[in-house]
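What follows draws every value from the coordinates through simple rules; no lab data is involved. Keep in mind it's a predicted model, so treat the numbers as computed, not measured. Quick reminder, even Gly has a Cβ in these numbers, built from the backbone with ideal geometry, and neighbours come from all protein chains shown.
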Amino acid sequence: MADYGDDSPIAAFATTPGSSALTLIRCSGKNSIKLFSAVFSSAKINEAGGNTVIHGWIIQQGTESKIDEVLVSVFREPKSYTGEDSFDISCHGGYSAGKAVMAVLIDAGFRGALPGEFTFRAFMNGKIDLTRSESVMELVSAKTETSRRHAVSRLSGSLEKEIGKIKTQLVQVLAGAEIFLDYSEDEISADSDEIAGKLPNKESALDALNCLKKLSASWQFERIYQEGVTIVIAGCPNAGKSSLFNSFLKEDRSIVTEIPGTTRDWIEAFVSIEGIPIRLIDTAGLREAPGEVEKIGIERSRKLLQEADIVLYLIDGEQGFTGEDFKECGINNKNNFLILWNKSDIAPAPQPFPVENIKPICVSAKNSGGFTELYAAITSAVFKQAEGFLSDEQSSASLGTIRQKNLVDAASSLLEEALALTENDEPLDLIAPLLREAVNSLGEITGEVSTADILEEMFSKFCVGK
């Protein structure tokens, strides 16, 4: 069985074989270059220095049959991604070429890499910490420019540095407490505050706690950019829902006709609004359905309304408020329920608005009028649901995974408990263990404190080739 802990030569596709100009195969491990030389036509490969490129042919071992003409990028330890001797093979694109080269490598003695094994080795060889390791998959999975930028920030070490700073503060506090635990009371003056249970460097502990709480709050912000939100477009038949859906996409995806009930089932698409990944859903018109098929579509629409993060309820400005509109607006008068007055270019919204305490967003689904205000309202509604929202300007470091948040919260709780004991003049021998646990929790975030099963579970979620 393959093991994350070994250093055997491994190989994996770094790009998916298919219709492209190139396919990239990544290889790494002890004696990997020497092993590869047996199936590579150029003898230069054994003497090649790091960061060099060698041209040659992949050949079938034993038959000398040519498989593919390739370029091999060589990286020597320790100046490689994994910290081991490694190389990338640039094959011709297409399904068959890459598969044939991979088969030759396996026959030569390489094994298929486990998910995330290259990054695992980079971590184990001290090239990156765990926060940077996780940011690799964040970057691969980024759906918008904003999520990409945030992942790059963590890959550059912003979170590692922030955790390191907080950890240093706590270590200093812990060291101060343990100094007094190492001496008996008669070796320290009787009037010393610390003997009474006062925590040394308490100000540093409070500052560390404040930083931890800010980091914890940042996860709500990051989660939005990573996971996105679901927005459902709802309204009566012919209110313009499909036109609004198409305007978001800037293409005709939903069928638009003058016949009520054209949309029988829901349709969805991905869009980006102010850098936020949005799952946008167009639903069937809400009404008493005349037929069984449309009735099923409306039932599904109502289910989606309950599951949505935000609902855009569209009212036909030409037709005005209907009984169904009054019913829906009355039931769903919540922060995540945005009322849109459609066709405002030809039918302005009535003043005052018929529904109390609601100011509609005036749009024209047909020509995208009012979309600047609509985007602003959506963004505001999204972040109202993120408690402790932090903007880019407020915090340079932020959490990228739920694992990191759980560990930050654990450290924060332990530190709060230690400070509470200090306020109650409890002895330092009760306080110091809490501080030590908090330091260990922060060490788990960066990987200074870790166990094999935790690491295997984390890296197994990566894609193969990373």
Footprinting proxy, 309, 129: sorted fewest to most Cβ within 10 Å, the residues are 309, 129
What is the order of 314, 35, fewest Cβ neighbours within 10 Å to most? 35, 314
Multiply the residue gap between residue 111 and residue 429 by 0.36 nm, knock off their C-alpha separation, and tell me the result in nm, one decimal place. 109.3 nm
Student exercise, the stretch 10-129 dipole from Lys, Arg, Asp, Glu Cβ charges, in Debye to nearest 20: 120 debye
I want the antiparallel fraction of DSSP beta bridges within the stretch 10-129, as a percent rounded to 5. 95 percent
Label-to-label distance, nm, for residues given as residue 267 and residue 171 (7 Å Cα→Cβ offset): 5.9 nm
Under 5 Å between amide hydrogens, which residues at least 5 positions from residue 111 or on another chain qualify, with H placed 1.01 Å from N in the peptide plane? 10, 11
Could you check how many percent of all C-alpha pairs in the stretch 37-92 are farther apart than 20 Å? 24 percent
Any residue on another chain or 5+ positions along whose placed amide H is under 5 Å from the amide H of residue 23 is listed here as 91, 92, 93
Two-site label geometry, residue 52 and residue 125: point separation in nm, points 7 Å out along Cα→Cβ: 1.8 nm
Be a star and scan the stretch 101-119 for residues whose amide nitrogen sits under 18 Å from the point 7 Å along the Cα-to-Cβ vector of residue 22. 101-102
Could you check the simple spin-label distance between residue 346 and residue 202, using points 7 Å along Cα→Cβ, in nm with one decimal? 7.2 nm
Order these peptides, 167-180, 53-66, by their mean beta-carbon neighbour count within 10 angstrom, highest first. 167-180, 53-66
